[in-house]
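A short reminder: the numbers here are calculations on the coordinates, not readings from a lab. Everything numeric here is computed off the predicted structure, so don't read it as measured data. Cβ atoms come from the backbone with ideal geometry, glycine included; neighbour counts cover every protein chain shown.
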Amino acid sequence: MRNLILSLLMISVSTLSAQTYKLDFSNWDKNRDGRIDKYEFVSVFKRQYASDKNFTQDKGLDDEDFYQYIFKRADLDQNGDLRGGEWQFEYDYYYDNA
């Protein structure tokens, strides 16, 4: 049930945000090492998208759970960072760019 809530929340946030913000991999890869680590991911997500939705008002869900869930989902090889293909796949999935 929690995963369903997280997925629905991400879809609602992405629908609002995709029209407002056009970001590419370089916007997320702050240190330009070709990888997006959890810190970079959470930092950009909070700055760009969190203002679209007040996560603190959602019962049973906190911000860190939400960020960790989305990052883990995107990290297809589970190595702790996102490479270009992983990031692009998840970005296209949520923003219907495929």
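Things worth noting here:
- For a modelled paramagnetic label at D77, 7 Å from Cα along Cα-to-Cβ, the residues of the stretch 19-48 in reach, with backbone nitrogen under 16 Å, are 33-38.
- J(HN,Hα) series, the stretch 38-46, from Karplus relation 6.51 cos²θ - 1.76 cosθ + 1.60, nearest Hz, glycine and proline x: 4, 4, 4, 4, 5, 4, 5, 4, 4
- Computing FRET efficiency as 1/(1 + (r/R0)^6) for K38 and Y93, where r is the C-beta to C-beta distance and R0 is 22 Å, gives about 0.70.
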